[in-house]
Amino acid sequence: DGTNDIVVAGYKSYVPEEQRTELALGVQGFKLCTEEIKLLMTQDNPLFDKPSLTVRDLDGAVFMLPPDIYRSYLRDGVVEQFLNQGAHITLRTMDFNDHFEYNVYNFQDMFGIVPTTLISRFGIDERKEYRAFSLADMTLSTDFYALFSDKFVASENGALLVQEMKRLAEKSMSQL
């Protein structure tokens, strides 16, 4: 909306390039990475101790998402992806102050989501009452993009930051 100089945004990896929204006038960007998105549950979930989960295990499940992510999951047709593989899911959202609050939420019988790189940042891998997992028969991943206003990129410091971010993203992607 033009209020930030830099924004990281993503599309689910299965969304074809031609179906992704074009960048607004005055905005440019580049792909940072593709990252697996893990599902998240807390110990109150009846599936918590099941060693391996499939899409069909989640039939009837509710996914609780932060507001900023909720809209992109609707846009990217996540519900339809699950339905195509045999599971009806519902997406819900509620107000959270920030993602730290979201990542200490007790999902009870619902599911949350977390990008793989944030699992250790939020200590999810260290908490016994939380479980981050992948489905055995479906991978959710997001292509993340760094977006910049033209005005920011035209500034001396902005240009240097964008140049360094591009270099690091290219280096990271070449190591995959």
Failed criterion for Met110 (all others in (1) closer than 23 Å to Tyr11 by Cβ; (2) open to solvent by less than 50 Å² (accessible area, probe 1.4 Å); (3) under 19 Å from the mean Cα position of the chain (by Cα) hold): (1)
Selection within the range 32-54 - in contact (Cβ under 8 Å) with a residue 60 or more places away in the chain, in contact with a helix residue (DSSP H, G or I) (Cβ under 8 Å, 6 or more places away or on another chain) and more than 20 Å from Gly77 (Cβ to Cβ): Leu32, Cys33, Leu40
Any hit, the range 44-62, residues being in contact with a Leu (Cβ under 7 Å, 6 or more places away or on another chain), of a type outside the set (Lys, Arg), crowded, with 18+ Cβ neighbours inside 10 Å and modelled with pLDDT of 90 or more: yes
For Thr116: the one exception among (1) over 20 Å from the mean Cα position of the chain (by Cα); (2) under 26 Å from Asp5 (Cα atoms): (1)
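Output yes when any residue across the range 64-78 is among the acidic types (Asp, Glu) and either under 13 Å from the mean Cα position of the chain (by Cα) or open to solvent by less than 40 Å² (accessible area, probe 1.4 Å) (or both), and no when none is. Can you show your working first?
Of all residues in the range 64-78, those among the acidic types (Asp, Glu) come to 68, 76.
Restricting the remaining residues to those that are either under 13 Å from the mean Cα position of the chain (by Cα) or open to solvent by less than 40 Å² (accessible area, probe 1.4 Å) (or both) gives 68, 76.
Within the range 64-78 (the criterion being among the acidic types (Asp, Glu) and either under 13 Å from the mean Cα position of the chain (by Cα) or open to solvent by less than 40 Å² (accessible area, probe 1.4 Å) (or both)), the answer is yes, since at least one residue qualifies.
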Within the range 10-28, tally of residues that are open to solvent by less than 40 Å² (accessible area, probe 1.4 Å) and in contact (Cβ under 8 Å) with a residue 24 or more places away in the chain: 5
Residue count for the range 84-97, restricted to those that are under 19 Å from the mean Cα position of the chain (by Cα) and open to solvent by 70 Å² or more (accessible area, probe 1.4 Å): 4
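Could we say that Lys38 is modelled with pLDDT under 95, closer than 28 Å to Ala132 by Cα and open to solvent by less than 60 Å² (accessible area, probe 1.4 Å) here? Before the answer, list the steps.
Values: modelled with pLDDT under 95: no; closer than 28 Å to Ala132 by Cα: yes; open to solvent by less than 60 Å² (accessible area, probe 1.4 Å): yes.
Here the answer is no, as Lys38 does not meet what is asked.
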Which numbered condition Pro66 fails, given (1) of a type outside the set (S, T, N, Q); (2) within 22 Å of Ala146 (Cα to Cα); (3) out of contact with any Phe, Trp or Tyr (no Cβ under 6 Å at 6 or more places or on another chain): (3)
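For every residue, the table says whether it meets (1) in contact with a Lys or Arg (Cβ under 9 Å, 6 or more places away or on another chain); (2) not in a strand (DSSP E or B).
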position: Leu25; (1), (2): no, yes
position: Thr34; (1), (2): no, no
position: Leu40; (1), (2): yes, no
position: Ser52; (1), (2): no, yes
position: Met64; (1), (2): yes, no
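The values are calculated or read from the model by the stated rules, or taken from the named source; none is laboratory data. Because the structure is predicted, anything quoted here is derived from the model rather than measured. Don't worry about glycine lacking a Cβ; one is built from the backbone with ideal geometry, like all the others, and counts go over all protein chains shown. These accessible areas exclude ligands, DNA and RNA; they are computed on the full protein's heavy atoms, side chains included. Shrake-Rupley method; radii C 1.70, N 1.55, O 1.52, S 1.80 Å.
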